[in-house]
Amino acid sequence: MAEDLNIQTGTKQEQYESLIPQIEGLLHGENNLVANLANISAALKQQFNWWWVGFYWVIDDELVLGPFQGPVACTRIKKSRGVCGGAWEQSKTLIVEDVEKFPGHIACSSASKSEIVVPVFNNGVIVGVLDVDSEHLAHYDEIDRLYLEKIVSLIPHP
Ligand code: SME
């Protein structure tokens, strides 16, 4: 497929609705995990221009930094630590409107104000998380949860 992303304006739903088939196209026929996580991060960054978007992957009982777009970030997160470790431990998406009010939040960047972390499942087991950060408070809501959960469900697991 063409590697150019068609950037959509409009409501958040319209932006996700335009992006999802393009992500499906990017993933089609490719089963290399790093390539796919890299392209999903880039596509989300291009469409939404969030502060930080990327993956942490479960390796040896830790979350280890994977493909991402944005400033450098901490490389390893233990279970239950921070928003990422919390989403992993609780097996569910966590939406944090104000990271300063989240006990144990790991501040990779002082510019980050709100965050959503979405678990990635393979056969019912969490294999990683998608972490998205904004420099604005309360930037993520149920719409983001819905569409980001859909996007991570598209990831082929080799
Ligand atoms: N803030 C995250 C850590 C990862 S960075 O934001 C990229 C957390 O509390 O889990």
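Observations
- Backbone HN-Hα couplings from phi across segment 118-126 [Karplus 6.51/-1.76/1.60, Hz, Gly and Pro as x]: 10, x, 10, 9, 10, 6, x, 10, 6
- Cα radius of gyration and Dmax for the chain (Å): 14.6, 44
- For the chain, calculated [θ]222 nm from helices alone, where every DSSP H run of n ≥ 4 adds -39500 (n - 2.57): -10500 deg cm²/dmol
- Inter-label distance for I59 and N32, nm, one decimal - labels placed 7 Å from Cα along Cα-to-Cβ: 1.6
- Surface accessible to a 1.4 Å probe, T9 within the full protein complex, Å²: 110
- Sequence of R145, R81 from largest to smallest accessible area, 1.4 Å probe: R81, R145
- Loop-located trypsin sites (Lys or Arg not before Pro) in segment 88-130 (DSSP state not H, G, I, E or B) with no more than 13 neighbouring Cβ atoms inside 10 Å do not occur.
- Neighbourhood charge, 15 Å Cβ-Cβ cut-off, centred on L19 and excluding it, Lys, Arg +1 and Asp, Glu -1: -4
- The chain, accessible surface, carbon-and-sulfur percent (1.4 angstrom probe): 50
- Distance between modelled label sites at L154 and S91, nm, 7 Å Cα→Cβ extension: 2.6
The values are calculated or read from the model by the stated rules, or taken from the named source; none is laboratory data. Everything quoted here is computed from the prediction, not taken from an experiment. We place every Cβ from the backbone using ideal geometry, glycine too, and count neighbours over all the protein chains shown. Remember, those area values only see protein heavy atoms, side chains included, never the ligands or the DNA or RNA. Shrake-Rupley method; radii C 1.70, N 1.55, O 1.52, S 1.80 Å.
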